[in-house]
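The block underneath contains the structure these notes are about, expressed in structure tokens.
The values are calculated or read from the model by the stated rules, or taken from the named source; none is laboratory data. Note that the coordinates shown come from a computational prediction; the quantities given were computed from them, not determined experimentally. Please note: Cβ atoms are built from the backbone with ideal geometry, for glycine as well, and neighbour counts cover all protein chains shown.
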Amino acid sequence: MKPNLSRREFLKRSSVAGGSAWLAAGAAGSLLAEVSGEAATPALLGGPKAHAKGWPAWPAWDPADDAAVTQVLHSRTWSRSKLVKEFEEKWAALLGAKYCLAVVNGTNALSASFMVMDLNPGDEVICAPYTFSASLLGVLYKGAMPVFADIDPLTYQMDPAKVEEKITPRTKAILPVHICGYATDMERIMEIARKHKLQVVEDVCQAHLTAINGKNLGTFGTTGCFSFQTSKVMPIGEGGAILTDDAALYDKLYSYHNYGYKTNVAPGSYENIAAFILGNKIRMAEYQAAIGLCQMRKLEEQTRIRNENAAYLTPKLAAIPGITPVKPYPGVTRLSYYMYPFIYNEAEFNGLSRADFVKALSAEGVPASPGYPKYPIYTQEFIHEMFKTEVYKKFYTSQELDWEAYKARNHCPGLMKTFDTSVWLSSTGMLLGSKADMDDVVRAVEKIHKNSARLRSA
């Protein structure tokens, strides 16, 4: 279904770094008019690929940085030490936070945030549904109840109005997920949080350097949690980070990530190792930090290029009937573009299914997927399994734990619409290409649109 928003209105309402460039570049006519014959034939029907030369490799690595990792290996200091501390200081400074704690991955960054917060069995956390299990693990570890607030299908982000509808006296926290590198409306989310005295854990695992009115995501909430997994816009392989401006909370987080020892106890120390809270061991290693410091030096420039290319690409794609690029909220000044998502309307493509569109686009050399599979997180069995535990049976009624009733209460129609219409372009490498590469993307979509009836019957 085509969203009830004209392209003119879409472009008018969109605001992002380079947003004016979206409009300036929007007068592009069809690129397909420049070619004919075999070149205008979709690759699936025997024509050449619209983009045949490949994309910038991801994750990106400069061989000149090899020495930084080799130095760590030869130092024999591989556990958390000075490089991890340097990484934390520089990541906090880059994002604009007071404190940063580096950990082994984004999943543990999220879980640790909930583990040290005032969150107990019987409490509720309002969660974004367009995500996967890693976002929720800390909520469930604490015995709290995940409650899902629907997304806006035009933005893919948690809808603040739906969040406020879900608040009860038992609500203790909000978990927004900045999906695809776009931004949840954090200014409204924080207004709601302050009004109801709620903690906010930002899942920023896909949104490094995305900013609202110049303020980076991860610095709005109680904590901001990042992933540096291989696919992310700042890849280390594995790794994560937690940002906070709360000194006391940082102390708890540091202790939690180092067995529960006091903050001043160094890894490997055998002095004063009595744990004072229940902790874990989720410390980042030195060689992770060495890779991360190298990647961090490239991040701002890579983000600038992605935003410039997206500003060039978006109005050209928006001009194709049946394609509506996902819009950022007003006030968003920069996006990370972990993915480049758009909404697909098969009716404008002569009934060509979304699955066949994705197949045809991938055949043109443009890496595409339908996004997350159609398994709403509030229907997934790992939540149901937690409901069977003694903790949940003790703190929640049988009606609250009734699985069918739970799924019905948390049903999100906007999310379901998104599952059926979303297309994600793998943009970490793609958007680091040239303007000619972006034209290839547009030409690929135009080829499919022009030949959609033939593709549907093929």
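Values as computed for the structure displayed
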item: Matching residues, the stretch 102-151, being in contact with an Asp or Glu (Cβ under 7 Å, 6 or more places away or on another chain), farther than 30 Å from Glu89 by Cβ and surrounded by fewer than 21 Cβ atoms within 10 Å (Cβ to Cβ); result: none
item: Test: residue in the stretch 79-89 that is within 27 Å of Arg194 (Cβ to Cβ) and among the charged types (D, E, K, R); result: no
item: When residues of the stretch 134-162 are limited to those that are hydrophobic (A, V, I, L, M, F, W, C) and assigned to a loop (DSSP other than H, G, I, E, B), the one nearest to Glu381 (Cα to Cα); result: Ala144
item: Subset tally (residues that are surrounded by fewer than 15 Cβ atoms within 10 Å (Cβ to Cβ) and either touching a Pro at 6+ places or on another chain (Cβ under 9 Å) or within 19 Å of Lys298 (Cβ to Cβ) (or both)) for the stretch 42-69; result: 7
item: Sole residue being of a type in the set (A, V, I, L, M, F, W, C), loosely packed, with under 15 Cβ neighbours inside 10 Å and not in a strand (DSSP E or B), chosen from Ala266, Ala290, Ala311; result: Ala266
item: One residue from Lys407, Lys393 being among the charged types (D, E, K, R), loosely packed, with under 13 Cβ neighbours inside 10 Å and touching a helix residue (DSSP H, G or I) at 6+ places or on another chain (Cβ under 8 Å); result: Lys393
item: Test: Tyr340 is in contact with a Pro (Cβ under 9 Å, 6 or more places away or on another chain) and not in a helix (DSSP H, G or I); result: yes
item: Answer residue from the stretch 43-72, given it is in a loop (DSSP other than H, G, I, E, B) and among the hydrophobic types (A, V, I, L, M, F, W, C) and is nearest to the chain's Cα centre (by Cα) among those; result: Trp58
item: Residues being part of a loop (DSSP other than H, G, I, E, B) and either among the polar types (S, T, N, Q) or farther than 24 Å from Pro341 by Cβ (or both) - total across the stretch 163-218; result: 10
item: Subset of the stretch 343-365 (residues that are in a loop (DSSP other than H, G, I, E, B), among the small types (Gly, Ala, Ser) and farther than 12 Å from Leu455 by Cα); result: Gly365
item: Scan of the stretch 88-133 for residues that are in a helix (DSSP H, G or I) and touching a Cys at 6+ places or on another chain (Cβ under 8 Å), ordered by number; result: Glu88, Glu89, Trp91, Ala92, Gly106, Ala109, Leu110, Ser113
item: Top-ranked residue in the stretch 222-260 [being at positive phi and not hydroxyl-bearing (Ser, Thr, Tyr); ranked as surrounded by the most Cβ atoms within 10 Å (Cβ to Cβ)]; result: Gly239
item: Out of Met145, Met115, sole residue that is at pLDDT 95 or above and more than 25 Å from Lys162 (Cα to Cα); result: Met115
item: Helices (runs of 4 or more DSSP H) wholly inside the stretch 368-458 that include at least 2 residues being within 30 Å of Tyr312 (Cβ to Cβ), assigned by TED's automatic domain parsing to the domain that holds Ile305 and among the acidic types (Asp, Glu); result: 435-450
